[in-house]
Amino acid sequence: MIVIIKIINFFKSRPCVTSLATWLLFISFNSFVYYGELPGSAYNWNEHGLFFTVNYIPVTKIYYQYAPYYFLTRKILECRNLTAALQVLRTSPCASGFHCYIGQGKRILSVEKWGRRTSIKEVKGIDFHTNHFLHSEMQRGSEVRKGSLIRLRRLQELARPGKTITSATLLRILFDRKNRPYPVYSTTGDKMRTLSTVVMEGGKVMIYDQRKKSLIFRAKVF
């Protein structure tokens, strides 16, 4: 069973979930979109069962000669399989840094990207990521900020090795409020704000509201 869960944290924005069709290629996709940004920069899935989530990563150097990362992730939305998506990730440089969990079927990958550098790892078991690089070959490239480090350590504490993790347990972890103002689940008064939480499990997508933690979308989508 593959479970991929994404918490959206942002400072000041009103997002929306958008369903679009790329008519020229006849590929439809769904994407959580921040106003003013391209689809592909948060959590996403398309009609071919390709799904991915994106975390922005502050880096030590911006490559201004390359396009922003959200042009790259927008392109991934039109990929029909993981092979095509990985080709885009490997061959398309980006100005800044990001991480994505990307999967299809029973396979899921953790990908870190910065400039022309790309690190790809198979995900086995429970895996977490926040807003700094974790892959050994990429770690020197990111600015490790306090909130990102605190949230990662809390996630690792809550899902320590040997602990039985169910879908319900994962939700409790992702709604955790300890370590304010840098909790896993952020609300008014914290340094950031959780806008929504998505669970992708066995082809089903469930989206939870940011205020009441209530289920607002559930569907079998791939």
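Between residue 37 and residue 124, what is the label-to-label distance in nm when each label sits 7 Å out along the Cα-to-Cβ direction?
3.2
Could you run the Karplus curve 6.51 cos²θ - 1.76 cosθ + 1.60 with θ = phi - 60° over segment 179-187 and give me ³J(HN,Hα) per residue in whole Hz, x for Gly and Pro?
6, 4, x, 10, x, 4, 9, 9, 9
How about segment 124-188: which GluC sites (Glu not before Pro) there are in a DSSP loop, with at most 13 other Cβ atoms within 10 Å of their Cβ?
Here the sparse-neighbourhood loop sites are 137, 143.
Can you give the FRET efficiency to the nearest 0.05 for residue 165 and residue 65, using r as the Cβ-Cβ distance and R₀ = 41 Å?
Once the sixth-power term is evaluated, E becomes 0.45.
Taking the mean number of other Cβ atoms within 10 Å as a proxy for protection, how do you rank 72-79, 120-127 from highest to lowest?
The peptides rank, most packed first, as 72-79, 120-127.
How far, in nm, would the chain grow between residue 204 and residue 179 when pulled straight, counting 0.36 nm per residue and subtracting the alpha carbon separation?
Here the answer is 5.9 nm.
Using θ = phi - 60° and the Karplus relation 6.51 cos²θ - 1.76 cosθ + 1.60, list the HN-Hα couplings for segment 139-149 in order, rounded to whole Hz, with x at every Gly or Pro.
Here the 3J(HN,Hα) series is 4, 6, x, 10, 8, 7, 8, 3, x, 5, 5 Hz.
Using θ = phi - 60° and the Karplus relation 6.51 cos²θ - 1.76 cosθ + 1.60, list the HN-Hα couplings for segment 30-44 in order, rounded to whole Hz, with x at every Gly or Pro.
Each residue of segment 30-44 in turn: 10, 8, 7, 10, 7, 3, x, 10, 6, x, x, 9, 10, 10, 7 Hz.
Return the long-range amide H neighbours of residue 92 (sequence gap of 5 or more, or a different chain), with a cut-off of under 5 Å between placed amide H atoms.
Answer set, sorted by chain and number: none.
Given the -39500 (n - 2.57) contribution per DSSP H run of 4+ residues, what per-residue ellipticity at 222 nm results for the chain, rounded to the nearest 500 deg cm²/dmol?
Helices in the chain give a 222 nm mean residue ellipticity of -5000 deg cm²/dmol.
I'm spelling it out carefully: the read-out is Cα Rg over 2.2 N^0.38 Å, the candidates are (1) 1.79; (2) 0.96; (3) 1.08, and one was derived from this structure. Which label?
Step by step, Cα Rg over 2.2 N^0.38 Å for this structure corresponds to label (2).
For Cα pairs less than 8 Å apart in space and 6+ apart in sequence, what is the mean separation divided by the residue count of the chain, i.e. the relative contact order in percent?
Dividing the mean separation by the residue count of the chain yields 20 percent.
Read-outs throughout are calculated quantities, based only on the coordinates presented, and are distinct from any laboratory measurement. Note that the coordinates shown come from a computational prediction; the quantities given were computed from them, not determined experimentally. Ideal geometry is used to build each Cβ from the backbone, glycine not excepted, and the neighbour counts take in all protein chains shown.
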